[in-house]
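Following: one structure in structure tokens, then a few remarks.
The values are calculated or read from the model by the stated rules, or taken from the named source; none is laboratory data. All values reported here derive from a predicted model rather than from experimental measurement. In this analysis, Cβ positions are derived from the backbone assuming ideal geometry, glycine residues included, and neighbour counts consider all displayed protein chains.
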Amino acid sequence: MADAVEIETMKNYNLAFERIDPSISRYPYCIVWTPIPVLSWLFPFIGHMGICTSSGVIRDFAGPYFVSEDNMAFGRPTKYWMLDVSKVYASGSNAWDTAVHNASEEYKQRMHNLCCDNCHSHVAMALNLMRYDNSTSWNMVNLCLLSLIHGKHVRPLLTPRSRVEHFLLWTDALFWPSKSQHPFTAIIKLGRARTFFNITLDCFCLKEESHIHLGWLEGE
């Protein structure tokens, strides 16, 4: 019996994974993340978060008394973390969707607070209502940490690129007072220019099918 349940769970997981379609922003049973301009440039672990329904529609707490549907604030997701629907207490898509709906209705009545009641809190409430992974202790801190660990980039090439860009940005900031005397000033300036250009592309979530050619990334 246990084997049959496990097989059915894996089948549902695979079906949901196959239905993920970044071109139309559909991420069934996923938590999604996108960078916030300026803030995410300086602190890569900070961004905007939403949670998706069983059909992949994104719900996110986008501002005071407003929960967006299928129109994520700050653009399309750049990362997603797919959850296991079998870990929902009541199990099944109905329990998942009910929790997402109820959390969204609750946050339509709330003022947005960047520090303590924000988009992460909205997602945490949905997970607590469905008792995901038999827990009601989901919060903005553990969600931020776990999404950083388990999140996958929509465009895999962003992974190494974003790390290099954030390094260049901080290097530039560190040497800003003495750039005129620094022997690698030209390199640092180039790094800053590329950093802001490419991270800006990420923040606007350009479609994967875009024909913009980033030759430096490909080593050309």
**Message:** Checking Glu6 against (1) surrounded by fewer than 21 Cβ atoms within 10 Å (Cβ to Cβ); (2) at pLDDT 80 or above, only one condition comes out false. Which one?
**Reply:** (2)
**Asked** Does Leu114 satisfy the condition of being closer than 20 Å to Cys144 by Cβ, modelled with pLDDT of 95 or more and among the hydrophobic types (A, V, I, L, M, F, W, C)?
**Response** no
**Message:** So Trp81 ticks every box in (1) within 17 Å of Ser135 (Cα to Cα); (2) surrounded by 14 or more Cβ atoms within 10 Å (Cβ to Cβ); (3) touching a residue at least 24 places away in the same chain (Cβ under 8 Å); (4) of a type in the set (A, V, I, L, M, F, W, C) but one. Which box is left unticked?
**Reply:** (1)
**Complete:** Among the residues of the stretch 46-69, the number that are in a strand (DSSP E or B), touching a Lys or Arg at 6+ places or on another chain (Cβ under 9 Å) and not β-branched (Val, Ile, Thr) is 6
**Item:** Check on Val38, of a type outside the set (Asp, Glu), at pLDDT below 95 and more than 19 Å from Lys152 (Cα to Cα)
**Value:** yes
